[in-house]
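**Q** I'd like to ask you about the structure that follows.
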Amino acid sequence: MITEKQPQFTIRSSSLDLLRGLLIILMALDHANYHIARQHSSGEYWGGYFPLFANPLQFLTRFLTHFSAPGFFFLMGVGMILFSTSRLDKGWSKWQVRRHFFLRGLVLIALQFVLNYSQAWSVGGSQALLWYLGVLAALGFGMIFCIPLLDLKPIFLAGISLGCFILMEYLTPQPEMWGMNFDNLAGTLLIYSGGKGEFWSNYPLFAWIELIVLGLLFGTWIRFDARKAYQKGLWLGLAFLGGFVIIRLFNGFGNIRPLALGNWMDFFSVVKYPPSMAFVLLTAGVNLILLNALSRLELPASGGRNPLLVFGRVPLFFYLAHIYLYQFMGRIFTPGGSSLGMMYALWLIGLVVLYYPAYWYGKYKSRQPARSWVRFL
């Protein structure tokens, strides 16, 4: 049960939506870059080619979007704790809460296949893989997998998150194994990125669990004392960034594959598929610091029209809408790709186009009963 600290918890939860909205906007930039400019980097795996960027702007365009995926997994974990707390206070049973998460997880997995079969990732008329394991599938699996962890004490959640953080680094194959083990379905499905034939995995199912569990931990902190939780998040974020610098300077364990540290872009080019320790420390550290900063904002009375809040409160609705919008814009306006300048312009136009549908849907969703199917979107 929430104690007398509930008013503080309710007010400060808007910072979670603000961060989610910011990450959604950055995600949209990444997908606009993919569908419109077609300058999306393809060298961020545990093996194969190294990332290549023609100039710092191209690098930064990709780098800024790295914070989105780990932020979504983390915020999902936080949201599971806060949703569970609020629904139990409204009289739901624990079984009903867990049933909701199970069904929502299945919905996310099903939507992944809907995107695949509708060719949402097709560029320039080329055929996208039908059996692609993307972020929605990993989020859905992670939600279902973490249901039994909802009642664990913070110390156990911290231990599980840390254990996964270290274990995944050991389970990821050596870079020289790239391409040699893609026929290992269990490995590519659960641990490391790769695939064969019609199957490809960018988001192996177990690789992102550590961030969801970190979110569960942070959610328990918020539930007991929001102010202290955000302060803990600040110090934890700073510690994460310190750990990132140390790992990168040694350029060994924790990077999955060492890069030639020739310039500042090389220093920040970390392995995302699957997420290396360096990637997690960098992205989670920045997200925690941002969350602390956003928790200190004083929103005006009209703050509900803030684009970050508008997008952050309907993440799945925005996700589905923006993919098809930027795919359409790319095919109509830039069938052969575009410059970064043109891409940035169309990215901003896309955000404007999506603002009012997202605002309307957020209002509509908020008026629905707690058990409405609309809550799943």
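**Q** Between a first residue in segment 118-137 that is under 15 Å from TYR324 (Cα atoms) and a second residue that is buried (at least 18 other Cβ atoms within 10 Å of the Cβ) and among the β-branched types (Val, Ile, Thr), which pairs have beta carbons less than 9 Å apart while being 6 or more apart in sequence or on different chains?
**A** Taking only residues 6 or more apart or on different chains, the pairs are ALA120/ILE323; TRP121/ILE323.
**Q** Let me confirm something: among LEU216, LEU241, which residue is surrounded by fewer than 20 Cβ atoms within 10 Å (Cβ to Cβ), outside any loop (DSSP other than H, G, I, E, B) and out of contact with any Ser or Thr (no Cβ under 7 Å at 6 or more places or on another chain)?
**A** From the options LEU216, LEU241, the qualifying one is LEU241.
**Q** What pairs come out if I take residues in segment 318-333 that are at negative phi and pair them with residues that are aromatic (Phe, Trp, Tyr) and not in a helix (DSSP H, G or I) whose C-beta lies under 7 Å away, six or more apart or interchain?
**A** none
**Q** Right, something else. Taking helices (runs of 4 or more DSSP H) that fall entirely within segment 45-154, which contain at least 1 residues that are in contact with a His (Cβ under 8 Å, 6 or more places away or on another chain) and at negative phi?
**A** Numbers: elements: 56-63, 68-89, 94-117, 135-145.
Qualifying helices (runs of 4 or more DSSP H): 56-63, 68-89.
**Q** Could you pull out the residue among ILE247, ILE323 that is farther than 30 Å from TRP373 by Cα, crowded, with 17+ Cβ neighbours inside 10 Å and not polar (S, T, N, Q)?
**A** Values: ILE323 fails: farther than 30 Å from TRP373 by Cα.
When all the criteria are applied, what remains is ILE247.
**Q** Okay, moving on. Residues that are of a type outside the set (Asp, Glu) and closer than 13 Å to ARG20 by Cβ: which helices (runs of 4 or more DSSP H) entirely in segment 259-315 hold 1 or more of them?
**A** Filter on segment 259-315 gives 277-295, 307-312.
**Q** Restricted to segment 79-95, and to residues that are more than 18 Å from VAL213 (Cβ to Cβ) and surrounded by 14 or more Cβ atoms within 10 Å (Cβ to Cβ), which residue is farthest from the chain's Cα centre (by Cα)?
**A** Restricting to residues being more than 18 Å from VAL213 (Cβ to Cβ) and surrounded by 14 or more Cβ atoms within 10 Å (Cβ to Cβ), the top hit is TRP92.
**Q** LEU106 passes all but one of (1) surrounded by 15 or more Cβ atoms within 10 Å (Cβ to Cβ); (2) modelled with pLDDT under 95; which number fails?
**A** (2)
**Q** If only one of TRP121, TRP131 is modelled with pLDDT under 95 and over 18 Å from the mean Cα position of the chain (by Cα), which one is it?
**A** Result of the check over TRP121, TRP131: TRP131.
**Q** Moving on to the next point. Filter segment 344-377 for residues that are of a type in the set (Val, Ile, Thr), touching a residue at least 12 places away in the same chain (Cβ under 8 Å) and either under 24 Å from LYS90 (Cα atoms) or in a loop (DSSP other than H, G, I, E, B) (or both) and give the result.
**A** none
**Q** Looking at segment 2-36, which of its residues are modelled with pLDDT under 95 and of a type in the set (Val, Ile, Thr)?
**A** Across segment 2-36, the qualifying residues are ILE2, THR3, THR10, ILE11.
**Q** Give me the residue from segment 345-377 that is at pLDDT below 95 and surrounded by 15 or more Cβ atoms within 10 Å (Cβ to Cβ) and, out of that set, nearest to the chain's Cα centre (by Cα).
**A** Looking at the filtered set, the residue picked out is LEU377.
Condition check ((1) touching a Lys or Arg at 6+ places or on another chain (Cβ under 7 Å); (2) in contact (Cβ under 8 Å) with a residue 60 or more places away in the chain; (3) farther than 22 Å from ALA138 by Cα) across all residues:
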| site | (1), (2), (3) |
| --- | --- |
| GLY237 | no, no, yes |
| PRO258 | no, no, yes |
| LEU261 | no, no, yes |
| PRO275 | no, yes, no |
| ALA278 | yes, no, no |
| LEU282 | no, yes, no |
| ILE289 | no, no, yes |
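**Q** Look through PHE145, PHE156, PHE141 and report the one residue that is within 19 Å of the chain's Cα centre (by Cα), farther than 18 Å from ILE323 by Cα and surrounded by fewer than 20 Cβ atoms within 10 Å (Cβ to Cβ).
**A** PHE145
The values are calculated or read from the model by the stated rules, or taken from the named source; none is laboratory data. Remember, it's a predicted structure, so these values are computed and weren't measured experimentally. When we count neighbours, we look across all protein chains shown, and the Cβ atoms used for this are built from the backbone with ideal geometry, even at glycine.
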